[in-house]
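Comments concern the structure below.
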């Protein structure tokens, strides 16, 4: 009977620790929402990170991604892109940004900024 009580006690402790770990994990997990409702501060920072209107050559949308062709890849601020928490893949002079939501709105905003030339 003593062995069964020890087993039940150990099982209970393991269960309690597991529940605590799950709760703490869900509370500390960072929710990633790259572009919330087209935040203009984020969009302006993204525009600057891509090198501004002088560096951005062409913009297009593909599903949940923005495809940006740039003049000079060295003018991209990779640190700022990381801070914005927008996943990016750079290949040659092309940058693909996973914006998930509001892709068309982001495209329209960045295109308008490029036309303004600021």
Residue that is modelled with the lowest pLDDT, among those in the stretch 13-44 that are closer than 19 Å to residue 83 by Cα and not in a loop (DSSP other than H, G, I, E, B): 28
Those residues of the stretch 72-102 which are farther than 14 Å from residue 48 by Cβ and either in contact (Cβ under 8 Å) with a residue 60 or more places away in the chain or exposed (fewer than 12 other Cβ atoms within 10 Å of the Cβ) (or both), in sequence order: 72, 74, 89, 91, 92, 98, 99, 100, 101, 102
Only residues in the stretch 1-12 that are modelled with pLDDT under 80 count as the first member; pair them with residues that are surrounded by fewer than 10 Cβ atoms within 10 Å (Cβ to Cβ) and outside any helix (DSSP H, G or I), Cβ under 8 angstrom, at least 6 apart or cross-chain, and list the lot. none
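The values are calculated or read from the model by the stated rules, or taken from the named source; none is laboratory data. This one's a predicted model, so the numbers in the text were calculated from it and none came from an experiment. Cβ sites come from the backbone with ideal geometry, for glycine too, and all protein chains shown count toward neighbours.
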